[in-house]
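What follows is a set of notes on a single structure, which appears directly below.
The values are calculated or read from the model by the stated rules, or taken from the named source; none is laboratory data. Keep in mind it's a predicted model, so treat the numbers as computed, not measured. A quick note on method: Cβ atoms are made from the backbone with ideal geometry, for glycine too, and the neighbour counts reach across all protein chains shown. Just so you know, the surface numbers come from the protein's heavy atoms only, side chains and all, with ligands and any DNA or RNA stripped out. Shrake-Rupley method; radii C 1.70, N 1.55, O 1.52, S 1.80 Å.
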Amino acid sequence: MFPNVPNIVLSPDVTDAIVVGSGISGGFAAKELTEAGLDVLLLERGLHLEHGAGYITEYLEDWDFPARNSKGSRIHQQIYPVQSRTYAFGEHTEHFFINDLENPYVEADPFTWIRADVVGGRSILWARQCYRWGPQDFEANLHDGMGTDWPIRFEDIAPWYDYVERFVGITGQKEGLEQCPDGAFLPPMEMNWAEKCVQKAIDKHFDDRLMTIGRAAILTQPHMGRAACHYCGECYRGCSAGAYFSSLSSTLPAAVATGRFTLQPESIVHSIIYDEEKGKATGVRYIDRKTKVMKEAYANLIFLCASALGSTQIMLNSTSSRFPNGFANDSGVLGHYLMDHHFQIGASGQISGGEDRYYQGSRPNGIYIPRFRNLSRKTERSDYLRGFGYQGEASRPSWNRPASGFGMQFKHELRHPGAWEMILEGFGEALPRFNNYVTLDESVTDAWGIPALKIHCQWGENEFAMREDMMQSATEMLEAAGAKNIQTYDHFAEGSLGAEPGLGIHEMGTARMGHDPKTSVLNAHNQCHAAPNVFVTDGACMTSSACQNPSITYMALTARAAGHAVDELKRLNL
């Protein structure tokens, strides 16, 4: 049945729960389940990584690296041709990323699948922006008929946002907006001089939008045993102080503290074991990364948290006489409705004045302009559905900027920072579409014999119409602020790669939640309709994409699902 991994070793132990994946969702699942009294085995495909000690490049300077912290060397292009497309990749972080040669996938359409390969997953590498979804985001599919209706509403998840934020530690400013609800915030970071100028101009000239400081999972004061951020700016290398939230610094230590947690890295989950006599999943098959021996582990409860595409790949590979088309795929929608945020579009401009103003440190955060389109009749657009927000920042270019002159004139110019520059970059919602999907390609396998994903995903007419507005609106706001030399950009229009799906690293969908088992994979509590003891709480569960960064929503859904799972176990329903 498994020709590439012929030796199957049975685990002698049965645990209460198995969690697959140690990133944002998996870490929270492990924390919640162990704190509720369950024994948990967490299987992570990546290499072992210790908080602090594992951040081997944290204190290195760029000149300490062989290629000066480059990401374009020949060896990088050979081993990391996909991973090196992302902003966070370089010599300082390459050891966190997956080897593309060992882990291929098929791009039927251009799609950048960014993956970590260490304990903690992409929680080591994320940009830490955390924005709650608003009521309109959980109702949009119902109102405009795109996709299926969410089986939950904002009121169902709001208390779990509160719960998660109090543990994580989110810095932010309350603004009283329904479309971007306030949370349990730590003191906000401060905008710099130019950002405040643009903020005031937006307040003066637009009554439908505002600029606020970013809401981020970075501590501005000591919290839960973790230190406050000291603005060193090397977040992607790991943060020994724990000032930015990751599984390694926060949820996994909480799980370890219970004494009920077992972490097993280098364990590549192959498929879910389904017992047809019992009518339930009983465990998972996984491959030892080093020996390539297939093993099995058993549990009463399974949480898939391997990332949207990772979890769906496991489910598609979990076939049986009961589920010939993939685990819990009675609806036929498993793998479909793949989404990401479209971005890499906006405008930049120079803000006059402030020559005597600068900033100290490297603030690991930017500004945010919440969604202001299609929220009311006044803001309704006729050319596209849904909406977008902006992220960005203002800064003054330093010595590495282009400068004029030669000799002394050139040196003198570089002793002073350049003019203030403000950039506004749009992040837009992508609609859920059946024809954006993934399948297994049996002709391509990874280094452990597991069939690769084949990804079909394109932006549609709605996204392209929205992008026009994203660029124009950014220009309008910069013009209102008196910006000079305004430059617009659209990286998708500038080449075949640059703003393709996946590059936002917010992939969602492919095992969506819904009311009806005939049109969805999961119910309102993230349980598989056809196998209620299996929960999927990463991005695969999402029914729409909104335009906000999704990680805080994943965590809230995971905590909510874990609470429900424990209650169901107590009632003997699982």
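In square nanometres and to one decimal, what's the mean projected area of the convex hull around the Cα atoms of region 155-264?
Details: hull surface 37.7 nm².
That works out to 9.4 nm².
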Between Ala447 and Glu568, what length in nm is gained on full extension when 0.36 nm per residue of separation is reduced by their alpha carbon distance?
39.7 nm
Taking a crude spin-label model, label points 7 Å out from Cα along the C-beta direction, the Phe206 to Ala108 distance in nm is 3.8
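Kirkwood hydrodynamic radius for region 19-75: how many Å is it when counted over pairs of different Cα atoms? Show your work: numbers first, answer last.
Details: mean 1/r = 0.0695 Å⁻¹.
Kirkwood radius, region 19-75: 14.4 Å.
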Rounded to one decimal in nm, the spacing of the 7 Å Cα→Cβ label points at Glu190 and Glu276 is 6.8
In whole angstrom, and with the biggest value first, how far do the Cα coordinates of region 1-156 range along each principal axis?
52, 49, 38
Projecting each Cα onto the charge dipole of the chain (Lys/Arg +1, Asp/Glu -1 at the beta carbon, about the Cα centre), which of Ile268, Gly326, Gly225 comes out farthest on the positive side?
Gly225
Show me the ranking of peptides 418-428, 50-60 by mean Cβ neighbours inside 10 Å, starting with the highest.
418-428, 50-60
So, with points 7 Å from each Cα along the Cβ direction, the Arg166-Asp144 label distance in nm works out to 3.5
Among the aspartates and glutamates, which fall within straight-line cross-link reach of Lys280, defined as a Cα-Cα distance under 19 Å, with same-chain neighbours fewer than 8 residues apart omitted?
Asp13, Asp16, Glu296, Asp330, Asp567, Glu568
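In nm², what is the average projected area of the convex hull enclosing the Cα atoms of the chain? Before the final figure, lay out the partial values.
Values: hull surface 104.1 nm².
Hull-based average projected area comes out at 26.0 nm².
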Efficiency of FRET between Arg377 and Glu461 - r from beta-carbon atoms, R0 22 angstrom, step 0.05:
0.45
Hey, for a label at Lys290 modelled as a point 7 Å past Cα toward Cβ, could you say which residues of region 79-117 have their backbone N under 15 Å away?
none
Treating only the Cβ of Lys, Arg, Asp and Glu as charged (+1, +1, -1, -1), what charge dipole size does the chain show about its Cα centre? Round to the nearest 20 debye.
640
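Counting heavy atoms of the protein chains only and a 1.4 Å probe, report the per residue accessible area for the chain as a whole number of Å².
Working: 22730 Å² over 574 residues.
Counting only protein heavy atoms, the per-residue value for the chain is 40 Å².
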Work out the FRET efficiency for His491 and Cys232 from their Cβ-Cβ distance, taking R0 = 30 Å, and round it to the nearest 0.05.
0.55
Which residue, Leu385, Asn141, Asn533, has the largest displacement toward the positive end of the dipole of the chain when charges sit on each Cβ (Lys, Arg +1; Asp, Glu -1)?
Asn533
For the chain, what relative contact order do you get, as a whole percent, if you take Cα pairs closer than 8 Å and at least 6 residues apart?
22
If I ignore ligands, DNA and RNA and count only protein heavy atoms, how much of His143 is accessible to a 1.4 Å probe, in Å² to the nearest 10?
140
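Quick one: compute a quarter of the convex hull surface over the Cα atoms of region 417-536 and quote it in nm². Working shown, then result.
Details: hull surface 51.7 nm².
Projected area, direction-averaged: 12.9 nm².
When the accessible area of region 65-184 is computed with all protein chains present and a 1.4 Å probe, what percentage of it is carbon and sulfur?
On the way: 2270 of 4440 Å².
So the carbon and sulfur contribution to the accessible surface is 51 percent.
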For the table Lys31/Lys454; Lys200/Lys484; Lys71/Lys292, the rows whose alpha-carbon distance is greater than 22 Å are Lys31/Lys454; Lys71/Lys292
Among Ala30, Ala430, Ala524, which residue has its Cα positioned farthest towards the positive end of the charge dipole of the chain, with +1 placed on the Cβ of Lys and Arg, -1 on the Cβ of Asp and Glu, and the dipole taken about the Cα centre?
Ala30
